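Working notes for the structure below.
The values are calculated or read from the model by the stated rules, or taken from the named source; none is laboratory data. Keep in mind it's a predicted model, so treat the numbers as computed, not measured. Cβ coordinates were reconstructed from backbone atoms using ideal geometry, including for glycine residues, and neighbour counts include every protein chain displayed. Side chains included, ligands, DNA and RNA excluded: accessible areas come from the protein's heavy atoms. Shrake-Rupley method; radii C 1.70, N 1.55, O 1.52, S 1.80 Å.
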Amino acid sequence: MARGCSQVMLRPRSSEEVSRILRHCHERNLAVNPQGGNTGLVGGSVPVFDEIILSTALMNQVTSFDSVSGILVCQAGCVLEKLSQYVQERDFVMPLDLGAKGSCHIGGNVATNAGGLRFLRYGSLRGTVLGLEVVLADGTILDCLTSLRKDNTGYDLKQLFIGSEGTLGVITAVSILCPPRPKAVNVAFLGCPGFAEVLQTFSTCKGMLGEILSAFEFMDAGCMQLVQQHLHLHNPVQESPFYLLVETSGSSAEHDTEKLSCFLEQVLGSGLVTDGTVAADESKAQALWALRERITEALSRDGYVYKYDLSLPVEQLYDLVADLRARLSSLARHVVGYGHLGDGNLHLNVTAETFSAALLDALEPYVYAWTAGRRGSVSAEHGLGFRKRDTLGHSKPPAAVQLMWQVKALLDPRGILNPYKTLPARA
């Protein structure tokens, strides 16, 4: 966990107040650390050297919601879970869902281009965010808060700020497209004998469930052991090397249940899956999801955790886990893998009794070089922040990194916005 401190925290309520703060700081060359719900895992929202914290916590108002188009406009400090409740009452859902939804802010989600559990169905925030209001380093308010689905005029400037982790501007408001709330949701939990069968099950799943497939999550036996040991959760299927959580969302319960039944019959009959269960009600569905969503909590109780958020070709997604188990041997307590198989995102976690410099040296830069060798990404959805900014070169060529620095210099020439984050230290 990244830690920092500051003598000053400012909590504006509007973009105009943010503008005045940044104008003041820009004129006096004062560094600013934008902060939302502070739920990030790479230190992106934590001050490094006593930067002024600019919190969006009081910017928590919904501006408008169109019940025909499903377009929500709100301030950046709105908590994701509260937005989810707001739109669900109007028969819509937010296009992203995260384990930290109870405290993370929508502005922080956009600033880090958060992925989460609904990525497979609804895609990236780069597609669902329609417009942004951003305050630049000198206090200029950039109002690109459009609610249009199509706008092909000039450069799409909002994309500069999505995933920029507060280094180019402070997001103060968001316009986002919310899909209709599914009328029928099914959750199945399955056991698989090997990762080859996991991949074949995924291929079968895409072919047979198609448009109603909304989540395809995987976890290994090590993850199951940890949630059982530390959280006392129940494994609803027989012990297996791998487990899958499959969710469908659609408009017809009868239609979706029939498709899911045909899929389960196929994978069980072919031996791809050895055991499975389907949630009969919402409480069981939540219990099945808890097995996947609470892995992070179980890991935190297992000792010191080294976390890696990687994007890899799906067919090679688990190879690194097996590789590291052999490489680390007795240095590590557990080496486990889980994640969003549907979008090629591996959450690799290594635990030890306490922090070990020898273990860290065995992990880094080996994990990043291994990922780069498969043309993967060293950050699938968590961002780079402070802790991983120097790994950018493993995923982006020098020319791209240089161009990023030029964009930073253009929008924040004095370097006051979230310094020491995202971009690597210059020689």
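Total residues in region 404-414 satisfying the condition of being over 19 Å from ILE162 (Cβ atoms) and loosely packed, with under 15 Cβ neighbours inside 10 Å: the figure is 2.
Scanning region 358-393 for residues that are open to solvent by 10 Å² or more (accessible area, probe 1.4 Å), among the hydrophobic types (A, V, I, L, M, F, W, C) and over 27 Å from THR167 (Cβ atoms) turns up ALA358, ALA362, TRP370. Of everything listed in (1) buried (at least 17 other Cβ atoms within 10 Å of the Cβ); (2) of a type in the set (A, V, I, L, M, F, W, C); (3) touching a strand residue (DSSP E or B) at 6+ places or on another chain (Cβ under 6 Å), the single unmet condition for PHE355 is (1). Please determine whether any residue of region 211-218 is out of contact with any strand residue (DSSP E or B) (no Cβ under 6 Å at 6 or more places or on another chain), at pLDDT 95 or above and open to solvent by 30 Å² or more (accessible area, probe 1.4 Å). Scanning region 211-218 turns up no residue that is out of contact with any strand residue (DSSP E or B) (no Cβ under 6 Å at 6 or more places or on another chain), at pLDDT 95 or above and open to solvent by 30 Å² or more (accessible area, probe 1.4 Å). Figure legend. Inter-residue proximity from region 296-320: first residues at positive phi, second residues open to solvent by 10 Å² or more (accessible area, probe 1.4 Å) and among the acidic types (Asp, Glu), beta-carbon distance below 8 Å, spacing 6+ or different chains. Indicated pairs: GLY303/GLU353.
Under the condition of being out of contact with any helix residue (DSSP H, G or I) (no Cβ under 9 Å at 6 or more places or on another chain) and either among the aliphatic types (A, V, I, L, M) or assigned to a helix (DSSP H, G or I) (or both), the residues counted in region 401-427 number 8. Once region 129-162 is narrowed to residues that are under 30 Å from GLU217 (Cβ atoms) and modelled with pLDDT of 95 or more, the residue that is most open to solvent (accessible area, probe 1.4 Å) is GLN159. Against the list (1) within 21 Å of GLY383 (Cβ to Cβ); (2) open to solvent by 20 Å² or more (accessible area, probe 1.4 Å), the condition LEU80 fails is (2). Of all residues in region 112-128, exactly one satisfies the criterion of being of a type in the set (Val, Ile, Thr) and crowded, with 23+ Cβ neighbours inside 10 Å, namely THR112.
Conditions tested, residue by residue: (1) in contact (Cβ under 8 Å) with a residue 60 or more places away in the chain; (2) farther than 18 Å from VAL110 by Cα; (3) touching an Asp or Glu at 6+ places or on another chain (Cβ under 9 Å).
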position: GLU16; (1), (2), (3): yes, yes, no
position: LEU22; (1), (2), (3): yes, yes, yes
position: THR39; (1), (2), (3): yes, no, no
position: SER55; (1), (2), (3): no, no, no
position: GLN61; (1), (2), (3): no, no, no
position: ALA76; (1), (2), (3): yes, no, yes
position: LEU80; (1), (2), (3): no, no, yes
